[in-house]
Structures are given as C-alpha cells and as structure tokens.
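The values are calculated or read from the model by the stated rules, or taken from the named source; none is laboratory data. Note that the structure is a prediction, hence the values are computed from the model and not measured. Cβ sites come from the backbone with ideal geometry, for glycine too, and all protein chains shown count toward neighbours. Keep in mind that these areas ignore ligands, DNA and RNA; they rest on the heavy atoms of the full protein, side chains included. Shrake-Rupley method; radii C 1.70, N 1.55, O 1.52, S 1.80 Å.
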Amino acid sequence: MQEILVFRHAPHEGPGYLADYLDRRRLSYRLIRVDQNDAIPTSIDGVAGFVFMGGPMSVNDPLPWIPKVTKLIQQAVAADVPMLGHCLGGQLISKALGGVITKNPVKEMGWLPVQRVDGNDTARDWLGDLPPEFEVLHWHGETFSIPPGATRILASRDCANQAFVIGKTLAFQCHIEMTSDMVREWARVSAEELTPVCATIQNPQTMMTNLDARVQRLQNLADKFYDRWTQGLR
C-alpha cells in the first residue's frame, strides 16, 4: 500500500493515538511537520490518504502553507483519495471545499458530549453502532460550516457542526486522537486559555479527573471511526 501523509501543525498536536492505530495495522505513514517547515507536497501521486491534525492557528490566518494545503485537499477530493481532519484539520478541509470558518458562539475546551446526526444512510454508515451521545475532547474557539455536498454526522449543544463526511473524507471539529499525555500537555501549554471556567471550558483538575478511563473510552470510539476511514485507503 502507498503511504499515508500526516500533517502536523504544532509540536504538541501530533497524530497521538492515530499513530498507534496505524502502527498496529501496519499502515505506512509519513509525518509532514508543517511547524518545522517541511515541504508541502504538490502532488497526490503515491499517497494512500491524507491526515490533517490540529493546531492553535486559524485557517483564516495569512500563513503561506495554508493555500498549498487547501489546493492539495482539492486535488485529493477530486481523485477520491481519503482524507481525515482533526479540529484545525477539519477546518482546512471545509475551507478547501467551499466552507467557511467562523468564531463559535463559545469556546469548547475539555471533555464534552457530542450527539449523532442520523439524517440519512451516509451518516448511519459512518456512525455504525456508536451510541446516540458520547464524550470526546474539545479544544477550539472557531468552527467550520458544512461544505457543499458533505453530510453532517455529529453535533454538540454549543457547536452544531462537529463532524462531516464527503466521499472517503472524514472531518472532525472535535478531537478523537488523544492520549493521556497529550491531554496533560495541552492543559499545560494552553493554561491561559482555560479561563474563565464555565460550562464549556474546564480547568485542568476537571480535565484530569478519571483521565485514563476517559482516554480509553475515547480510543475505543476512535477505533470505530478509523476502521471505517481506512476502508477507503488505496
């Protein structure tokens, strides 16, 4: 199989549990460290799939690599190459496909539930036997719109668009790739953002409560999403 390209946009927002998942299944991948100025590929040739991780920047920022990435995304969708986006990664996919990224009514930072959006066969296919509501990690102040031709599959109380699919592409606003160490590191790096504490912003103590058990449940959910996504790899 050809290799998967995984784009990292910040040192502390790498593939996390996704790397463990790919290693277990002996799926070859290569990390593109955008934060270290690795070259952005200009062609989709030889690529099995694309993964875009999170990051603290906005896709609306005038960063030189963003137009290069969105052009790559457009090529991949046109060629039916699978893509997977986590938070900023989901926003990049939305923007490339004609969506818009705007400020969410509130920040969501911490462990909060999302709900299934079961409006059609596409959503049911991707969601499988997942429960009507489940907990994931959130870490965002902006949100994407659902681009033309895509299907919304997840929502939360304070952010209507938590995930969408289009063809073989799956894009999240939330995070399913977390490990316990990543949660601790994010809480440390972004400590100033975790104020004021409110219904959608948790303090580190709350975030760390039953952390390993929460992460294990999240990784079990991630397995289901990643299993479905990898079916499309070429």
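Give the Rg (one decimal place) followed by the Dmax (whole number) of segment 1-40, computed from C-alpha coordinates and expressed in Å.
Both quantities, over Cα of segment 1-40: 10.5, 29 Å.
Under 15 Å from a point 7 Å along the Cα-to-Cβ line of residue 198: which residues of segment 129-157 have their amide N that close?
So the set is 140-142, 157.
Which of these, 87, 159, 174, has the largest mean-square fluctuation under a Gaussian network model of the chain (Cα springs below 10 Å)?
159
Roughly how many Å² is the accessible area per residue of segment 102-234, as a whole number, for a 1.4 Å probe? The partial results should precede the final answer.
Values: 5890 Å² over 133 residues.
It amounts to 44 Å² per residue over segment 102-234.
Need one number: % antiparallel among DSSP beta bridges in the chain, to the nearest 5.
60
Could you tell me the distance between the Cα centroids of segment 108-151 and segment 176-230, to the nearest Å?
Segment 108-151 and segment 176-230 have Cα centres spaced 16 Å from each other.
Report the dimensions of the chain along its three principal axes from the alpha-carbon atoms, largest first, rounded to Å.
Taking max minus min along each principal axis of the Cα atoms, the chain gives 46, 40, 35 Å.
Have a look at 112, 93, 14 and report the one farthest towards the positive end of the charge dipole of the chain, computed about the Cα centre with Cβ charges (Lys/Arg +1, Asp/Glu -1).
Most positive-ward Cα: 93.
Give me the lysines in straight-line cross-link reach of residue 168: C-alpha distance below 22 Å, same-chain residues under 8 apart excluded.
Excluding near neighbours in sequence, the set is 68, 71, 95, 224.
What number, in percent, do you get for the relative contact order of segment 54-151 if the mean sequence gap of Cα pairs under 8 Å and at least 6 apart is divided by its residue count?
Relative contact order of segment 54-151: 31 percent.
Could you state how much accessible area residue 129 has, in square angstrom rounded to the nearest 10, with a 1.4 Å probe and all protein chains kept in place?
120
Can you give the accessible area of residue 143, probe radius 1.4 Å, in Å² rounded to 10?
Number for this one is 20 Å².
Under a 10 Å cutoff between Cα atoms, tell me which one of 187, 48, 79 has the largest fluctuation in the Gaussian network model of the chain.
79
Report in % the part of the accessible area of segment 29-125 that belongs to carbon and sulfur, leaving out ligands and nucleic acids; probe 1.4 Å. Present the calculation step by step, with values, prior to reporting the outcome.
On the way: 2150 of 4180 Å².
That share works out to 51 percent.
Between the helical axis of 211-230 and the dominant principal axis of the chain, each derived from Cα atoms, what acute angle in degrees is found, rounded to the nearest 10?
Tilt relative to the chain: about 20 degrees.
Which of 25, 214, 116 ends up with the largest GNM mean-square fluctuation for the chain, with Cα atoms connected below 10 Å?
Comparing 25, 214, 116 in the GNM, the peak value goes to 25.
Run the simple label-point estimate for residue 184 and residue 63 please: 7 Å along Cα→C-beta, distance reported in nm.
2.7
Determine, at each q value in 0.15, 0.16, 0.30 (inverse angstroms), the log₁₀ of I(q)/I(0) that the Debye formula gives when each Cα of segment 122-173 is one equal point scatterer.
The Debye formula, applied to the Cα set alone, gives -0.41, -0.46, -1.38.
Kindly identify segment 38-107 as rounded, prolate or oblate by the Cα gyration tensor criterion: order the square roots of the eigenvalues as a ≥ b ≥ c, call it rounded if a/c is under 1.5, otherwise compare a/b with b/c, prolate if a/b is larger, else oblate.
Numbers: a/c = 1.97, a/b = 1.66, b/c = 1.18.
Taking the square roots of the gyration eigenvalues as a ≥ b ≥ c, segment 38-107 is prolate.
Quick check for me: using +1 on Lys/Arg Cβ and -1 on Asp/Glu Cβ, what's the dipole size of segment 64-187 about its Cα centre, in debye to the nearest 20?
Approximately 500 debye in magnitude.
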